[in-house]
Structures are given as structure tokens and as C-alpha cells.
């Protein structure tokens, strides 16, 4: 297989782009580094395309590896033919290669292998040849009877021969390929109840859907229902269609031997082919559903991590609870803990007055402007308490937001949290984490396994390795697109920077603690185990905000410092102009003078020049600042306050295949079904919505007993 040509076609990019990207990846460059600092070579491929290319490259190479293993095995058996070799060359999936290899794969004892041991293969070959002159097969079969070998009669001999033919038919790659294709186009998947009470699987009690149209989220739901023994799942297919395919390949005539081969084909289909194809099709459906779900999960995670920070806000974090109380942490604008405590504003304690007094003191003492409330147990009661307190205080400039606790308990019990806060208990650490999630979601959530963040569907049913790799890639891309302050970044954040692993991240922090703040990027070269390649990959993504060289606070890579300094000199700018943000209008001046000519004069490519100009105009710019800020609240509603037709503002919390969940401030997220998202037809909610979007919705229906809220984004007429 020409992998370069295949990737070029699949990704719809130029061959030169593919070749450059593959070369850079093979040289050990990271995706963020290539996307940001090798644009001239790749034609400005972005990180998403590069990740897809990297994943497909790995798959196609493993496919080629398996192809050659199979070729070597068949050749070693001295059974290789030009036809088999051509079929291997043409195979585009592992399934096709496995089909070709099936007849040559070492088998466990089967009915066919037992029959061959009994010496019945010549009889099978005679029948399968289907010579019209061959008649009286049962009489011929008498010649193969052998009491010692267990062939007691002509009927036994004939059955053994048919077993051999059935396995031959089953092993035929062409027949399997055609049946699998026709089954996928015409077959159905059926779910049936396995218990009287199906609970959440009630809609699958007796459901039939076309295999080529069943949505991925329903495939995953059926799989889970089957795993939990609530459902029985089967693939249904018109057997006659399959038999016509097998007959067209294997039956040569309607004579006696032709009828016997047809009989063997019947047995092959029922006993060997269909059960195998049913498994393969279900695996294929699951793989596709998982891949699609992982994409949704990854996209949701990307948008969650890239939520705009609430900068420089002194914040109270509240970790709600009933019996054990609500843990409180006050953190300053940089996330440093100023104070902690416990309040008991909800049942069974109801010490509301005491709790209000304590929070008032914190707000006034530390100049608190934001309150972050975890969305777990007792969250709604704590939100009501907070809204009442702010109303009583008439606290101007103080607002709150309910934030997701997903993964907070994982972080709070981790070694990292113990190292950060050795004197805090688990719930106190959780309160700190909740406050920091509002201040800087990326910096805080990066400490948690992305699988624990919980913004997808059926994530616990996903292939763990595939999901982990996809989410790790998203986290890496997000962290590197924002960059990190070399003097304040935590070990987990540094470990996500291109070229840096956990060991090097720890070494950076240890060097910082031992030698004081970094004063330049160049100092990174003194960090143990951070070699030239790692420096090349990471340097541009790490900032030194108050270092000696003003370029160290930008995303300009050290390899381009000479060009950047020459550019500044060309337009008579100084380092002070960069530091004070006095370079606005540079892009217009460069454009007027001619980007191409100036890039050539500076000895760099146009994309690099454009990026340098952007960085000099806005040093250390954060892409998250260009997004709408998070929606903070000062009042609270309950689900009982909702009425059909009511217009509300909300924040998208999760985007899934069949819709999106929106936080409208009543503790229970409402569902906007995919059909209610847009006036135009959309295949998937992600075409319109992403996690963190602020949207206007209208209430369609409310079920207070079940806690279900149906919303629409279509304005009522």
C-alpha cells in the first residue's frame, strides 16, 4: 500500500503536505510543535488534521505489518499464489487480511480436520469438483469406510467429506466479503427484553433497526443492556440472499455433486459463516460507534478545557454536603489558598445564620468577587443559600457559578493533591479545586485524568486505550495552544507541554525550587534530562513573563528570535514597546510593505512572519480570551418555577449524539433534542453547539417528578 497516497486522499490534502508531516513525525516532533512552528513545511496543517494523520499513519503501518506477516506465513507454507498475493496487496482493512489468511491459519481441531485425519479429503475434492459424470456418490463413499479410523458407513464418509467442503466454503474470502457487505446493506439489528422489568432499557424491549442506519449511541446502549443482561441482541438477515451468493461462487451445476455442495454451503452458512459475520458486524458497529463517541467526547473535552478563565478574581470554593457540612476555601486571584472553613447551611444541621455570617466575613475580609459551587450532593440547597446571602448583602460585584465536580474527588485523593495540600483533608482540597476550576479551568482540570471529566456518552464502554490516547491528545493541544508560565505552572501542566514528560516536568519544578525563578527560556537547557530535542519542542510554549528577554514572554520560538529582533529594528520598535503593548498596527505595516518580500528579507517563511507579528502585537495572548465569558449568576430558580414557553439563558454542559444538555440554573440540566437545536436540518448537535456556549432556550416541558426538562432553541412563533 502506498501509505502517503492513501493519507493524502483520505485527509484531502496535498501530497507534499503529507510527506512533510510524516517526515516530521518520524523525526520525533510533536503535533503541537509541528502545527505551530513548522507551518512552512506542512502548508499550515492544524493540530486536528495532524492528529488524524498521525493516528491513520499508525493504523496503516500496522496494517502493512500484518499484511507482511500473513504473506510470510502463507509463503512459508508454500501455498502462495499470484492471486493470493494480489488479494493481500488490495486488502484495505485488517478484516480483509484475516479473511485471506483464514484458510492458512493454524486451526484447532474441527469437524473438517477430523474428517481429513480419517482420510476423507479425496472424497471431498471429488464432490467439490462437481463433474457431471460423477454419480452414485454414496456408492463411491463406501470405498472410504474404515472402522479403525471411525468411518463406520458410507453415510459417515459422505458427512465427513461435506464437513471438509463446508469449511472450504467458510474459508473463502470472496464469499465472506460479499455476504458481509450485503448483510450490512440489508440486514437489521434486533433487541429483545431479557427481563420483565427493563428499567432504562424499556425502549429496547422489541426494537429492530437497519444495520446501516442504526445510530451509534443506540448501538452502545444495546451493548450495555446486553452486558447487564437486560437485553438480547441479534443480527437478522435474509438467509436466501446469502445462499444465492454462496451458490454463485461454489455450486457449478444442479447435478448430484452440485446438490451435495449446496448442502455443504447450507451447513457452512448456518454453523460457520453467519455466526462469525454476526460477531464481525457487531464489532464493526461497536468500533464505529466508539470512534464517533470518542470524537464527541474529545470535542466536548476540548471546549471544556478551553473555557475562558475568570482572571484575578478572589474566589470562594464551596464543596456542598449534608451531614459533613459544606467545605469552604478562599483563594486569591492566582489560586493561592487564603482561608478555609466549614459551614452547615443545609439539612440536617440548618445552621443558616452562622453559615451566612462566616461567608460574609470571608467576602468582606478578602474582597471576594466570585463564588464557585460544586454541582454534587446538596448543590441546589447550597446555591439557594448563596443567592439569598448575596441578596441580603446587596453585594455589588459578587456573583456565583455552579461548576462541575467531575473528577474532583479523584484529584482530592491523589498524590498530587496530598503534595499540594498535605495539611488539608480530601473535602478541603476539593473546595480549593472547585474555586480554581472557575478561575482557570485548564490549569485545574489538567491535573485530572481526562476520562474522569465526564463530558461524553458511554465513556465507560469505550476502548480504554483509544479513548485515553484521544483525550490525551486534546489536553496536549489545549495546553500548548494556551502555553504555560514557566515560573508558576504545576507539574501536571508542564507534563502536557510538547516535548516534556512527567519526569522532566518534575525536574523543571525541582530546578525552580532550588535555583529560584527562571529568568530566561535558555535556562531550561540546564534542567536535568531536558536535552536539545526536548528544548526545541517545548521552548515556544513556555513563557517567562518578567525575564530578561521580552521575547521570552511571547510564543515566538527561540529559533526565530533573530528574525523577530530584526523585524522590530526594521520598524524602529524597542523591547519596551513590546513589553508595554505599543506595537498595534504592525500587521498593517507589514502587509503594506509586502509580507512575502519582508519574510524573504528576514530569512523566514510567511506563516512564521505572520505568527511573529501577532505575538508582538499581543504578547502572551490567550486564545480563551476571545470566547464569551462564563455566565455568572446572582439569583436561583427551582425546577418547580419553570413553565412551558419560559425564555432562559443557559450554558451548554454536554453535547451528545441526540442533543445537548444545558444548565439553566435550576440544578437539573435540560435537554435540547437534536431536532430542537436549529430551524435547519442538522445531523449532529456539534454542527451548532459546543460545550461552554451561552444559549437562549425556551422551556418545552417539565416533569418535576422525574426531574426532566425539555428545552428548545427554536424561538416560539
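The values are calculated or read from the model by the stated rules, or taken from the named source; none is laboratory data. Just so you know, these numbers come straight off a predicted model, no measurement behind them. Counting neighbours? That spans all protein chains shown, and the Cβs are built from the backbone with ideal geometry, glycine included.
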Restricting to the range 623-638, what's the tally of residues that are touching a helix residue (DSSP H, G or I) at 6+ places or on another chain (Cβ under 8 Å) and buried (at least 16 other Cβ atoms within 10 Å of the Cβ)? 4
What about residue 10, is it within 22 Å of the chain's Cα centre (by Cα), surrounded by fewer than 16 Cβ atoms within 10 Å (Cβ to Cβ) and free of Cβ contacts under 8 Å to residues at least 60 places away in the same chain? yes
Checked 308, 275 against criteria (surrounded by fewer than 23 Cβ atoms within 10 Å (Cβ to Cβ) and under 22 Å from residue 441 (Cβ atoms)); the one match is 308
Hey, does the range 137-154 have a residue that's in the same structural domain as residue 279 (by TED's automatic domain parsing) and within 47 Å of the chain's Cα centre (by Cα)? no
Within the range 315-347, track down each residue that is touching a strand residue (DSSP E or B) at 6+ places or on another chain (Cβ under 7 Å) and closer than 10 Å to residue 439 by Cα. 315, 331, 332
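Quick one: which helices (runs of 4 or more DSSP H) sit completely within the range 556-625 and have at least 2 residues that are touching a residue at least 24 places away in the same chain (Cβ under 8 Å) and farther than 28 Å from residue 312 by Cα?
561-570, 586-593, 595-602, 606-617
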Take residue 62 and decide whether it is surrounded by fewer than 13 Cβ atoms within 10 Å (Cβ to Cβ) and either within 22 Å of the chain's Cα centre (by Cα) or within 30 Å of residue 560 (Cα to Cα) (or both). yes
Identify, by number, the condition in (1) surrounded by fewer than 16 Cβ atoms within 10 Å (Cβ to Cβ); (2) farther than 30 Å from residue 52 by Cβ; (3) modelled with pLDDT under 95 that residue 339 doesn't meet. (3)
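Tell me, please, whether a residue that is closer than 15 Å to residue 483 by Cβ and crowded, with 16+ Cβ neighbours inside 10 Å can be found in the range 596-606.
Kept after step one, since they are closer than 15 Å to residue 483 by Cβ, are these residues of the range 596-606: none.
Checking the range 596-606: not a single residue is closer than 15 Å to residue 483 by Cβ and crowded, with 16+ Cβ neighbours inside 10 Å.
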Restricting the range 387-433 to residues that are part of a loop (DSSP other than H, G, I, E, B) and under 27 Å from the mean Cα position of the chain (by Cα), the one surrounded by the fewest Cβ atoms within 10 Å (Cβ to Cβ) turns out to be 413
Suppose we keep only residues that are without any contact (Cβ under 8 Å) to a residue 60 or more places away in the chain and buried (at least 19 other Cβ atoms within 10 Å of the Cβ) within the range 234-261. Which one would you say is farthest from residue 284 (Cα to Cα)? 237
Where residues in the range 495-530 are without any contact (Cβ under 8 Å) to a residue 24 or more places away in the chain and under 31 Å from the mean Cα position of the chain (by Cα), which of them is surrounded by the fewest Cβ atoms within 10 Å (Cβ to Cβ)? 502
In the range 175-197, which residues are over 30 Å from the mean Cα position of the chain (by Cα) and without any contact (Cβ under 8 Å) to a residue 40 or more places away in the chain? 193, 194, 195, 196, 197
State whether one or more residues within the range 377-386 are touching a strand residue (DSSP E or B) at 6+ places or on another chain (Cβ under 9 Å), in the same structural domain as residue 319 (by TED's automatic domain parsing), at positive phi and outside any helix (DSSP H, G or I). yes
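Among the listed residues 471, 438, which satisfies the condition of being modelled with pLDDT under 95 and touching a helix residue (DSSP H, G or I) at 6+ places or on another chain (Cβ under 6 Å)? I'd like the intermediate steps shown before the answer.
Details: 438 fails: touching a helix residue (DSSP H, G or I) at 6+ places or on another chain (Cβ under 6 Å).
Step by step, each of 471, 438 is checked, and only 471 is modelled with pLDDT under 95 and touching a helix residue (DSSP H, G or I) at 6+ places or on another chain (Cβ under 6 Å).
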Filtered residues of the range 100-116 (kept if more than 29 Å from residue 82 (Cβ to Cβ), out of contact with any helix residue (DSSP H, G or I) (no Cβ under 6 Å at 6 or more places or on another chain) and part of a helix (DSSP H, G or I)): 114
